[in-house]
C-alpha cells in the first residue's frame, strides 16, 4: 500500500506542474492584454483628454488685466487714472543661484539685508515681498527662476477728493461703484488678455519658456464737461458755506445754459458720503419754482408783470379754507413786485388762471417730473403728479413750490432755459470718449430738448430776476460790477412719515450770470441751516463768493471778453493797464482783473486814501489771495498760476486803497 500510494503521487506531480505553468502563462498573457488594452484606451481612445490634463498640470493661464481708461476734465486735467505696479513673490526652493538672486533683489528692489535673507531662505516655500514695485524694477527681475511677479493696475485720483461724487470709485476687486466710473464702465474697463505660465515635471515655473499670449485691450478715456477749476472753486465754497451755516449738507451745480454742459457738481452729506445727491435726491424746492410759474402765465397771456394783486397784508385764507402767509407783508403789489418779494399770496391767487393741464404741462416742459438723461447712475426723476391726482389745494401749492419734488439738476436746467431764451437743453456730463491713441470714438454734442417759453417772456423775467438780486430777497448774491439774475427759495423739509419737521428747511438760490448774456447758471442748496435759514441769508452769499472766486481765478470757463459788454452801467471792468473801462486783453492772454468789491464813490474833495499793510499771501491759492486783496480795497493783477510765490510790493508794505497788487504764481 505505501509503495502504491507513493507511485501514484509521483505520477500525478508532472500534471500539476503543467497546470501551474499554464495558469502562470495565462495570467501573464491576460495581464499583457490588459496593459495593452489600457494603453490603447489611454492613447488611442482617450489621448486628447489626457493630453489636456497634462497640459493643464504643466502650464497655467494667467490673466493679464487691461488698463482702465482715464477720466479727464474738459481741458485734459486728469481726474482718475490707473497706475501699473507689480507684486513680487519668491519661491526660495526654486532658485538656481540664491546668492545671485539675493544681489538682484537688493539692487533692483532696494530691499534691506534682512528682507533679502528672508526671501532666499530655502526653509521657506513662498515669500511675498512687501509693497508694490514699478515696471522698471519688474523688468530687472525677468528670467530669474524662482522669482514671480503679478501685474496690478490700481486706480488713483490725482486731484484727491475734489470731484469724487462725480467720479465714483473702483473697488479693490475692480468693480466700478457709483459715478462716472460706473456709468461709463463699459468703455473704461477694456478687455483683459491672458498669458501662459509653463511648469516643469516638479511643478516649478519655467520663466524662460514663452507661450502665445492674448494681449489685453485697454479701456478708452472719458472726457467730462467738468471744468476742474470751477469744480475746485465750487467744492471749497460749498464746504465753507456748510461750515459757516451749520448745515447738514448741500449741493452746488454750475452749468453752461447755452450747451447744457455741467461745469461743476458738488454734493456733501452727513458722514462724509460722497455721492452726487444733486442728481439722485429730489426735494420740494419752494419759491425757486415761482419764476417758472410766472413764465407759464406770461406765455399764455394770462397776466402782465404790471398787473396789480392785493397781497392781503401778509395773511390770506384761500377759498378752499387754507391759510397762506407771506414773510414780507404787503398790500397791493404788481406781479413784478410779487415775484421780486416772493409773495406766496400773489402766486396762489394767480394759480387759478391756469388750467391744471396747462400748469402741469409747463412744469413738465421745464423738465420736472422725469429724468434728464444725464450720464450718471441712479438719476432720480422726481415727483410731479398728473392733474387727475391733484387735490383742490394742488394748483396753489405747485405755484409756490410744493407738491412737487425735483432734483437740483432738474431745476438747474430749468433756470438754464430761462437764461437761454426759453430753450431747454439736455444736461451733459460727458463730452467725448477717446481711444488710447487719442482718436475720438464718440462725442456728445449739445442737444436741444424743446422750447418751453418764448424769448420775449424770458427777457421780461430777466429784469425781474435782476431786481430780486438788486432789491429783493437775493441781495446778498449781488456783484457790484455785473448784473446777476436769480431767485431765492426756503422750503420746509419732511422727516420720517412724510411730515414736515418744525424748524427744518432747505435754503436755495438759483440764478444765472451775467444776467444779460448768460454764461453760467448756478444752483445752491443747503440742508438744515442753523440760525438764519432763508435762501437769501445762506444760499445767496455762497453764489456771490463763488462768482468772485471764478472771476479772480487766472483760468476759468468764463469768457471774460464777453463780460465787458454786460457790466453795470458806471461800474467799470478794471484791467491791469488802466483804471477806466478798456477793451479786453490781447489774444496772448495778458493779465487783467475784475473789481469785485462793493463800490462807494468818493465824495468830491475827500481826503487822502486810507492806507493798509499788505498781508503775507505766499502759499495761498491764487483765487483766495485775490479775494483777500479785494477785501482790503485793493485791485489784483495776476502773473502765472498755482499758489502764490510772491507779491509786488512785498508783504508788509503799506499801500493805499485802490492800488493794484501783483500776485505772482509759482507756475509760469
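The values are calculated or read from the model by the stated rules, or taken from the named source; none is laboratory data. None of these values were measured; they are calculated from a predicted model. Cβ sites come from the backbone with ideal geometry, for glycine too, and all protein chains shown count toward neighbours.
Run residue 388 past the list (1) crowded, with 19+ Cβ neighbours inside 10 Å; (2) over 26 Å from the mean Cα position of the chain (by Cα) and report the number of the one that doesn't hold. Every listed condition holds for residue 388 apart from (1).
Within the bounds of segment 447-456, is there any residue that is over 27 Å from residue 226 (Cα atoms) and surrounded by 13 or more Cβ atoms within 10 Å (Cβ to Cβ)? Yes.
Go through 333, 339 for me and flag whichever is buried (at least 16 other Cβ atoms within 10 Å of the Cβ), closer than 29 Å to residue 450 by Cα and in the same structural domain as residue 487 (by TED's automatic domain parsing).
On the way: 333 fails: closer than 29 Å to residue 450 by Cα.
Only one candidate passes the filter, namely 339.
For segment 422-453, a residue qualifies if it is more than 30 Å from residue 78 (Cβ to Cβ), in a strand (DSSP E or B) and in contact (Cβ under 8 Å) with a residue 60 or more places away in the chain, and the qualifying residues are 449, 450. Within segment 110-140, the set of residues being closer than 16 Å to residue 151 by Cβ, touching a strand residue (DSSP E or B) at 6+ places or on another chain (Cβ under 9 Å) and assigned to a helix (DSSP H, G or I) comprises 135, 137, 138. Being at pLDDT 80 or above, under 34 Å from the mean Cα position of the chain (by Cα) and either surrounded by 16 or more Cβ atoms within 10 Å (Cβ to Cβ) or in the same structural domain as residue 232 (by TED's automatic domain parsing) (or both) is the requirement here; does residue 151 meet it? So residue 151 does not fit the description; no. From the list 74, 87, the one residue that fits, being surrounded by 14 or more Cβ atoms within 10 Å (Cβ to Cβ), modelled with pLDDT of 80 or more and either outside any loop (DSSP other than H, G, I, E, B) or not assigned by TED's automatic domain parsing to the domain that holds residue 215 (or both), is 87. Would you confirm whether any residue within segment 175-189 is at pLDDT 80 or above, part of a strand (DSSP E or B), closer than 21 Å to residue 78 by Cα and outside the structural domain of residue 272 (by TED's automatic domain parsing)? Yes - at least one qualifying residue is present in segment 175-189. Just checking, does segment 515-523 include any residue being out of contact with any helix residue (DSSP H, G or I) (no Cβ under 6 Å at 6 or more places or on another chain) and farther than 24 Å from residue 244 by Cα? Yes, segment 515-523 contains a residue that is out of contact with any helix residue (DSSP H, G or I) (no Cβ under 6 Å at 6 or more places or on another chain) and farther than 24 Å from residue 244 by Cα.
Return yes or no: is residue 488 touching a strand residue (DSSP E or B) at 6+ places or on another chain (Cβ under 9 Å) and within 19 Å of residue 284 (Cβ to Cβ)? Let's see the steps before the verdict.
On the way: touching a strand residue (DSSP E or B) at 6+ places or on another chain (Cβ under 9 Å): yes; within 19 Å of residue 284 (Cβ to Cβ): yes.
Yes: the conditions hold for residue 488.
Restricting attention to segment 573-582, does a residue exist that is in the same structural domain as residue 244 (by TED's automatic domain parsing), surrounded by fewer than 20 Cβ atoms within 10 Å (Cβ to Cβ) and modelled with pLDDT under 90? No, that holds for no residue. Here the condition is being surrounded by 10 or more Cβ atoms within 10 Å (Cβ to Cβ), over 60 Å from the mean Cα position of the chain (by Cα) and at pLDDT below 80; of 29, 40, it holds for 40 alone. The residue of segment 618-660 that is nearest to the chain's Cα centre (by Cα), among those that are buried (at least 19 other Cβ atoms within 10 Å of the Cβ) and modelled with pLDDT of 85 or more, is 644. The single condition among (1) assigned to a loop (DSSP other than H, G, I, E, B); (2) more than 28 Å from residue 463 (Cβ to Cβ); (3) touching a strand residue (DSSP E or B) at 6+ places or on another chain (Cβ under 6 Å) that residue 278 does not satisfy is (1).
Scanning segment 404-415 for residues that are under 20 Å from the mean Cα position of the chain (by Cα) and part of a helix (DSSP H, G or I) gives 408, 409, 410, 411, 412, 413.
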